[in-house]
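Here is the structure we will look at, set down as structure tokens.
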Amino acid sequence: MAIKQEHIKGRAKIAAGAVTGNKELENEGRLDRLAGDAKVQIDKAAGKAKELLGSGTSQAAGWVDQAKSGVEGLIDKIKR
């Protein structure tokens, strides 16, 4: 859900920037949309990794979750 919110927020910023001529706001909107896209891909990769690891390796699945959280945190930090 939060990922879709980033897309919507990004589109709104792009539109508002275009209407007002504010290129910085447009670029901020593009960044929001790209961050949302990156998070979607991270979710897909984490799901695939867990699938490949199988259900018997809960420790490895935990590592995948930690990596996913770390990358998402990094994306959020870059956006600031």
- Just tell me which lysines come within less than 21 Å, Cα to Cα, of K68; anything on the same chain fewer than 8 places away is out. K4, K39, K44, K48, K50, K77, K79
- Computed over the stretch 2-79, the relative contact order (Cα-Cα under 8 Å, seq sep at least six) in percent reads 27 percent
- Item | Net charge dipole size for the stretch 2-79 [Lys, Arg +1 and Asp, Glu -1 on Cβ; Debye, nearest 20] | 140 debye
- Query: Full extension from W63 to D43: what is 0.36 nm times the residue separation minus their Cα-Cα distance, to one decimal in nm?
  - Reply: 5.8 nm
- Query: Label points 7 Å out from Cα along the Cβ direction at E51 and V19: separation in nm?
  - Reply: 4.1 nm
- Query: If you work out Kirkwood radius over Cα pairs in Å from the coordinates, which of [x] 15.0; [y] 12.5; [z] 13.8 do you get?
  - Reply: [z]
- Cβ-based charge dipole, the chain, positive-most Cα from Q5, N27, G17: G17
- Query: Separation between the K77 and I8 pseudo-spin-labels, each 7 Å from Cα along Cα→Cβ, expressed in nm?
  - Reply: 2.9 nm
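FYI, it's all coordinate maths here, none of it is from the lab. Every value quoted in this text rests on a predicted model; they were computed, and no experiment measured them. Positions of Cβ are backbone-derived with ideal geometry, glycine not excepted, and every protein chain shown enters the neighbour counts.
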